[in-house]
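Colleague: Below is one structure. I have some questions about it.
No lab work stands behind these numbers, since they all come straight from the coordinates. Since the structure is predicted, the reported quantities are computational estimates derived from the model, not experimental observations. Here the Cβ positions follow ideal geometry from the backbone for every residue, glycine too, while neighbour counts run over all protein chains shown.
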Amino acid sequence: SQQGEEDPQALSIQEGENATMNCSYKTSINNLQWYRQNSGRGLVHLILIRSNEREKHSGRLRVTLDTSKKSSSLLITASRAADTASYFCATGGSQGNLIFGKGTKLSVKP
Amino acid sequence: DAGVIQSPRHEVTEMGQEVTLRCKPISGHDYLFWYRQTMMRGLELLIYFNNNVPIDDSGMPEDRFSAKMPNASFSTLKIQPSEPRDSAVYFCASSFRASGTGELFFGEGSRLTVL
């Protein structure tokens, strides 16, 4: 069963705009991770936020976590065509066995 | 480091044939995971190993699926006999638990088409 669910399923924006993707999950977590997947490629880890953190930054990425609402958001600022990909949130078991949502497909038009 | 290496990248086979997918994890990683990705079901965790020992295979869909990890540098996922509904991209991922990050490193996947 899916633990995380991303919203929206698809997002199309112009280069330079910000992109926001949301993730909701069902059970309590120790941390939440975001991954990126380019078409035809494997997933790549972007950022991890722990349950005691509310916000985290990495370059143009900003992740927030609201454990009371069981939700997280990923913001990509000043998007580029190269950011076109699918983005997944994932939550894990005690041994790192991650459960992924179905992803948000982001298209950034030049 | 070469990363997680999977083979074959593409496999087309006919229903009823045996399929073997291979994975070489990153050296030093102690966890190995097999995932399946389809449009309908997204990414599903099939099975994972810790130090070559299977820990949880509850995601393996049927007895037709089996996975082994004979040593720290090699794992296989076998489907026998294969069926059209097994068509998917199969990913192998590895991680190093002691890093504390929980980050998974994925291979590029094996795209399986069963006719």
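Colleague: Find, among the trypsin sites (Lys or Arg not before Pro) in region B:39-96, those assigned to loop by DSSP (not H, G, I, E, B) with at most 12 other beta-carbon atoms within 10 angstrom.
Modeller: Sparse-neighbourhood loop trypsin sites (Lys or Arg not before Pro): B:R41.
Colleague: Past 24 Å, Cα to Cα, is the threshold; run A:K26/B:K78; A:K70/B:K68; A:K105/B:K78; A:K70/A:K105 against it and keep the listed order.
Modeller: Violating the 24 Å Cα-Cα cut-off are A:K26/B:K78; A:K70/B:K68; A:K105/B:K78.
Colleague: Among DSSP beta bridges lying fully in chain B, give the percent that are antiparallel, nearest 5.
Modeller: Antiparallel bridges make up about 90 percent of those DSSP assigns within chain B.
Colleague: Next up: How would B:S58, B:S7, B:S82 line up from fewest to most surrounding beta-carbon atoms within 10 angstrom?
Modeller: Going from least to most buried by this count: B:S58, B:S7, B:S82.
Colleague: Another question, then. Given 20 °C and 1.002 mPa s, how large is the Stokes-Einstein diffusion coefficient of chain B in µm²/s, with Rh as the Kirkwood radius over Cα pairs?
Modeller: Using the Kirkwood radius from Cα pairs, D works out to 152 µm²/s.
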